[in-house]
Amino acid sequence: MNAVTDEQLHEQFVKTYGIEPEIRVTCPGRVNLIGEHIDYHDYGVFPMAIDASTVILAARNSTNNIVFSNFDPKYSSWESPIPCPWQGSSSPKWSDYLLCGWKGILDFEKSEQFGISFLLYGTIPPSSGLSSSSSLVCVSALATLCLIVQGDPFQHISRENFAHLCAKSEPLIGTLSGGMDQAAEVLASEGTALRIDFNPLRSKNIELPENAVFVVVHSNTELNKGATSHYNERVIEGRIVAQILKREFSLSTPSFRLKDIQTLSGKSFEEILKIVEEIIPEELTKDQVIELIGNDKLEECLTENTRKFTNFKLRSRARHVFSEAHRVELFESACESKDIKQMGVLMNASHRSCAIDYECSCEELDAICELYTKHGALGARLTGAGWGGCAVVLMAADDVANIEKLPSLFVSKPGQGIRVHRF
Ligand code: ADP
Ligand code: NG1
Ligand code: MG
């Protein structure tokens, strides 16, 4: 679709609903530079917001209906009278992401439902690892909040608490996701990447070296995460590893996030990686897991829609999580000392770990990374959940001419976070 102007959107809103919009909320996508599949273990990550974004125009209506429409006709309109009984979805449609944000805010505000009209328009390539889904959740949450409270919504709730609320709401579509995407999209400041840490959520703005150019490249494959179980399989495998390590270290914490286990054990990354090689089995069936940790401990790890899993890869998944968390620390240091070569080396290692140990790449993504590396990229890796979607490539500014003829989506500079305009 061609770029749509604010005026066109405004006109479409009035034409669709016969009322004026009250607010416009704009939320960016994000590209993760390093730190993949570790946010749900509470390890720090290193993303930045991108210019591609989702925009929503919103108003209260007097029809006692919740109505969502999309500027792009490929997404059909959705409507429900209030009270709308929605509690979540296991095969999400686009409207379900909006309902996540809407429900999160109504519950937080303890607000009665009211009639709303939303018109959405998004330019983030969907299902491509640039987190279009969280952008939908966040615009919907902020639009709902702004229809309830007056003035600056971030005087009412801090950006950190708002991002946390959105992160807790998105799993209503059935994915056991971490909080990286909502945090990146809500906390970003223009011009800087972010180092994000969790529990409690906090972020640090990080300047990227001036001679570092990040290129986002689409592999021309997509994965709708909500429609497959790959992501949740990885989350559950990590939780089982945590239960095995807790037993090994005699820890009584109820947490099954690997960062908590490492912190409580007092082990360094090197030490815990060695222990993983020594004591974590590579692959177990469900019965073998029960034999090893007991049915109760396995049950603690599972959720309703993951109870059906029967096989678990463990050692290589754990190797990825701990080594990737370590790479984030090293990447931050390399970035601070403007060592772009080292940043590239770490990105390449991250991609290998994602591809081999976490098995979340695909042929097309591997081929893109290889192609760019052949043309002088310092580093290239899949970004986001993977199994399709985009790669992020690091080039030295002087070498960008080498890739002029290669396919690319955009050259990315750190963009700004979610924002609201009241008409
Ligand atoms: P990612 O977050 O990596 O982009 P997900 O699979 O998590 O991928 O989410 C993609 C889903 O988000 C799409 O299937 C669609 O339901 C929704 N989505 C993304 N962009 C739009 C859009 N512009 N309009 C409507 N829905 C969208
Ligand atoms: P994408 O692919 O953008 O949906 C997902 C998760 C993140 C994180 C990354 C992998 C959601 C909302 N986002 O991103 O929390 O785990 O994968 O690092 O599910
Ligand atoms: Mg997503």
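The values are calculated or read from the model by the stated rules, or taken from the named source; none is laboratory data. Owing to the predicted nature of the structure, the values given are computational and were not obtained by experimental measurement. Every residue, glycine as well, gets a Cβ built from its backbone with ideal geometry; the counts of neighbours run over all protein chains shown. We work out accessible area using only protein heavy atoms, side chains counted, and drop any ligands, DNA or RNA first. Shrake-Rupley method; radii C 1.70, N 1.55, O 1.52, S 1.80 Å.
How far apart, in nm, are two points set 7 Å out from the Cα along the Cα-to-Cβ line at Asn205 and at Arg60?
Modelled inter-label distance: 3.5 nm.
Could you pull out every residue, at least 5 positions away or on a different chain, whose amide H is within less than 5 Å of the one on Ile206? Hs are placed 1.01 Å off N in the peptide plane, and Pro or chain starts have none.
Under 5 Å from the amide H of Ile206: Ala193, Leu194, Arg195.
In nm, to one decimal, how far is the modelled label at Asp296 from the one at Gln8, with both set 7 Å along Cα→Cβ?
Here the modelled spin labels are 6.1 nm apart.
Expressed in nm to one decimal, what extension gain is obtained for the pair Glu363 and Ser80 from 0.36 nm per residue of sequence separation less their Cα-Cα distance? Numbers along the way, then the final one.
Working: separation 283, 0.36 × 283 = 101.88 nm, distance 4.16 nm.
Extra length available between Glu363 and Ser80 comes to 97.7 nm.
Among Ile340, Ile148, Ile240, which one shows the biggest mean-square fluctuation in a GNM of the chain, springs joining Cα atoms closer than 10 Å?
Top of the fluctuation ranking is Ile148.
Residue separation times 0.36 nm, minus the C-alpha to C-alpha distance between Lys93 and Gln288: what's the value?
Separation in residues times 0.36 nm, less the Cα-Cα distance, equals 66.6 nm.
Given Cα pairs under 8 Å that are at least 6 residues apart, what percent is the relative contact order of region 259-323?
49 percent
Could you tell me the extents of region 16-158's C-alpha atoms along the three principal axes, largest first, rounded to whole Å?
Over region 16-158, Cα extents along the principal axes are 46, 35, 29 Å.
Classify region 74-170 as rounded, prolate or oblate, taking a ≥ b ≥ c as the square roots of the eigenvalues of its Cα gyration tensor: rounded when a/c is under 1.5, otherwise prolate if a/b is larger than b/c and oblate if not.
Since a/c reaches 1.5 but b/c is at least a/b, the shape of region 74-170 is classed as oblate.
Counting only residues 5 or more places away or on other chains, whose amide H sits under 5 Å from the amide H of Gly379 once H atoms are built in the peptide plane?
HN-HN under 5 Å from Gly379: Leu394.
Whole-Å semi-axes of region 236-329's equivalent ellipsoid, largest first, each the root of 5 times a Cα gyration tensor eigenvalue?
For region 236-329, the semi-axes come out at 21, 14, 12 Å.
With the Cα gyration tensor of region 313-377 giving a ≥ b ≥ c as the square roots of its eigenvalues, does the rule (a/c under 1.5 for rounded; else a/b larger than b/c for prolate; else oblate) give rounded, prolate or oblate?
Judged from the Cα gyration tensor, region 313-377 comes out oblate (a/c at least 1.5, b/c at or above a/b).
Ordered by residue, what ³J(HN,Hα) values in Hz, to whole numbers, does region 32-40 give under the Karplus form 6.51 cos²θ - 1.76 cosθ + 1.60, where θ = phi - 60° and Gly and Pro are x?
Here the 3J(HN,Hα) series is 8, 7, 6, x, 9, 6, 10, 5, 6 Hz.
With a ≥ b ≥ c taken as the square roots of the eigenvalues of the C-alpha gyration tensor of region 12-73, please select rounded if a/c is under 1.5 and otherwise prolate if a/b is larger than b/c or oblate if it is not? Each step should come with its number before you reach the end.
Numbers: a/c = 3.64, a/b = 2.60, b/c = 1.40.
Here region 12-73 falls in the prolate category.
Each residue of region 45-52 in order: what ³J(HN,Hα) in whole Hz does its phi give by Karplus 6.51 cos²θ - 1.76 cosθ + 1.60, θ = phi - 60°, with x for Gly and Pro?
10, 9, x, 9, 6, 10, 6, 4
Given the Cα atoms of the chain, and with Rh set as the inverse mean 1/r over their pairs in the Kirkwood sense, what is Rg to Rh to two decimals?
Details: Rg = 21.7 Å, Rh = 22.2 Å.
Ratio of gyration radius to Kirkwood radius: 0.98.
Protein chains only, probe 1.4 Å: how do Arg24, Arg352 rank by accessible area, largest first?
Arg352, Arg24
Just list whichever of Lys93/Lys308; Lys341/Lys405; Lys204/Lys405 have alpha carbons separated by over 30 Å in the model shown.
Working: Lys93/Lys308 23 Å; Lys341/Lys405 23 Å; Lys204/Lys405 35 Å.
Among Lys93/Lys308; Lys341/Lys405; Lys204/Lys405, the Cα-Cα distance tops 30 Å for Lys204/Lys405.
Can you list the equivalent-ellipsoid semi-axes of region 224-276, largest first and in whole Å, using the square root of 5 times each Cα gyration tensor eigenvalue?
24, 12, 9
In the calculated pair distance distribution of region 145-219, what percentage of Cα-Cα distances lie above 18 Å?
Details: 1490 of 2775 pairs.
Result for the distance tail: 54 percent.
Using θ = phi - 60° and the Karplus curve 6.51 cos²θ - 1.76 cosθ + 1.60, what whole-Hz ³J(HN,Hα) does each residue of region 357-368 get, with Gly and Pro shown as x?
Karplus values, whole Hz, x for Gly and Pro: 7, 9, 6, 10, 9, 7, 4, 5, 5, 4, 5, 4.
Under 5 Å between amide H atoms, partner at least 5 residues away or on a different chain: which partners does Asn61 have, H built in plane at 1.01 Å?
Gly115, Ile116, Ser117
Explain nothing, just the number: relative contact order of the chain, from Cα pairs under 8 Å at least 6 residues apart, as a whole percent.
Relative contact order comes out at 24 percent.
Using only the Cα atoms of region 121-263, what do you get for the radius of gyration and for Dmax, in Å?
For region 121-263, the Cα radius of gyration and maximum Cα-Cα distance read 17.7, 53 Å.
Compute the distribution of all C-alpha to C-alpha distances in region 286-423, in bins of 5 Å from 0, and list the percent of pairs in each, rounded to whole numbers.
In whole percents, the pair-distance histogram is 2, 8, 14, 16, 16, 13, 9, 9, 7, 5, 2, 0, 0.
Calculate I(q)/I(0) for region 111-151 by the Debye formula, one identical point scatterer on each C-alpha and no solvent, and give its log10 at q = 0.22, 0.23, 0.31 Å⁻¹ to two decimals.
The computed values of log10 I(q)/I(0) come out as -0.78, -0.82, -1.13.
Return the single residue from Ser132, Ser337, Ser408 with maximal mean-square fluctuation; model: Gaussian network over the chain, springs between Cα atoms under 10 Å.
Ser337
In nanometres, what is the gap between the two model label sites at Phe410 and Glu270, each 7 Å from Cα along Cα-to-Cβ?
4.2 nm
Calculate, in nm to one decimal, what Asn311 and Lys15 gain on full extension: separation in residues at 0.36 nm each, minus their alpha carbon distance. Intermediate values should be presented prior to the final figure.
Numbers: separation 296, 0.36 × 296 = 106.56 nm, distance 5.23 nm.
Full extension from Asn311 to Lys15 adds 101.3 nm.
In terms of Cα to Cα distance under 15 Å, which aspartates and glutamates are near enough to Lys259, apart from those fewer than 8 places away along the same chain?
Within reach: Glu36, Asp39, Asp42, Asp197, Glu237, Glu270, Glu271, Glu324, Glu329.
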